[in-house]
Amino acid sequence: MIEAVLTVDDIPSGNTEEIVQYLNENGITAVMFAVGNKLEKNPDPAIYALRHGMIVGNHSYSHPAFSSLSLEEAKGEIEKSEELLDKLYLAAGVERKYRPFRFPYGDKGGANKDALQQYLASRGFNKLKDTQIPYAFWKETGRDRDIDTLWTFDFAEYRIRKGSGFTLEDVFRRIREPAPAEGAPLLQDGGSHILLMHAHDETGELVPDYWKILIGALLDKGVVFRTPEFFPAG
Ligand SMILES: [Zn+2]
């Protein structure tokens with residue numbers, strides 16, 4: 001068996017509601033990481049996601065590379081989005097049980113990495129349960145101890161752009177890759193993944209309904225999507 005938890009970055013977007021509808025149809029609960037300044041302009045897709053059972057987490061206010069920020073700036077990016085997310089859950093009428101956080105670009109803050117992990121822990125952020133992840137690299141890189149939510153497999157479908165030369169076929173090559181340079185092979189029996197996909201309208205313009213194609217392919221392969229659980233349990 002292969003199991004996975006789905007995470008979707010960079011909501012809100014024009015396609016957020018369609019992605020949520022597809023996940024609902026397939027009984028999949030995702031953690032969707034929202035960018036604060038996009039939420040300020042357009043909260044409705046994220047409210048829709050909350051009302052349809054998704055967990056919305058913090059992906060910073062302006063999506064910077066955290067290693068380029070001072071510790072105070074980094075905390076400010078996180079705090080500003082926390083306030084917006086508290087308001088969002090209130091507007092949706094949904095109880096906020098969990099506070100997951102994902103660093104933009106998976107950049108854990110460079111010199112401030114340890115201080116930011118301590119801050120996330122002291123500020124009550126929730127760690128996505130990862131004790132089922134069997135890959136050695138997860139522990140060797142300390143990700144089993146970090147509070148923020150990283151991933152074991154990145155579809156990299158956000159690289160499909162005009163002129164990039166990266167296509168849907170390249171995404172499927174990654175899905176089938178038996179020994180990837182980064183992360184863990186996706187379709188290996190006994191696997192357990194945290195998957196990363198993005199809610200990008202630019203991707204949908206080139207590959208309509210890309211989320212159905214990618215998640216549908218995994219469902220066809222028998223991948224079982226787990227409901228996200230967190231530490232500490234709420
Ligand atoms: Zn992002």
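Read-outs: derived from the displayed coordinates by stated rules, not from any lab. The structure presented is a predicted model; accordingly, all values stated were derived computationally and were not measured. Neighbour counts are summed over all protein chains in view; Cβ atoms, including those assigned to glycine, are modelled from backbone coordinates with ideal geometry.
Among the candidates ASP154, ASP146, the residue that is under 30 Å from ASP44 (Cα atoms) and within 16 Å of the chain's Cα centre (by Cα) is uniquely ASP154.
Out of ALA111, ALA199, I need the residue that is within 17 Å of the chain's Cα centre (by Cα), closer than 25 Å to LEU69 by Cβ and of a type in the set (Gly, Ala, Ser). Which one? Walk me through how you get there before you give the answer.
Working: ALA111 fails: within 17 Å of the chain's Cα centre (by Cα).
None of the others qualify; the one that does is ALA199.
Residues that are more than 16 Å from ARG102 (Cβ to Cβ) and either crowded, with 18+ Cβ neighbours inside 10 Å or touching a residue at least 12 places away in the same chain (Cβ under 8 Å) (or both) within region 33-48 comprise GLU40, ASN42, PRO43, ASP44, PRO45, ILE47, TYR48, listed in sequence order.
Against the definition (crowded, with 17+ Cβ neighbours inside 10 Å, of a type in the set (Gly, Ala, Ser) and farther than 25 Å from ASP209 by Cβ), how does SER70 come out, yes or no?
It is false that SER70 is crowded, with 17+ Cβ neighbours inside 10 Å, of a type in the set (Gly, Ala, Ser) and farther than 25 Å from ASP209 by Cβ.
If you check ASP148, ASP144, which single one turns out to be in a loop (DSSP other than H, G, I, E, B), in contact with a helix residue (DSSP H, G or I) (Cβ under 9 Å, 6 or more places away or on another chain), surrounded by fewer than 14 Cβ atoms within 10 Å (Cβ to Cβ) and not hydrophobic (A, V, I, L, M, F, W, C)? Give the steps one after another, and end with the answer.
Numbers: ASP148 fails: surrounded by fewer than 14 Cβ atoms within 10 Å (Cβ to Cβ).
After ruling out the rest, the residue left standing is ASP144.
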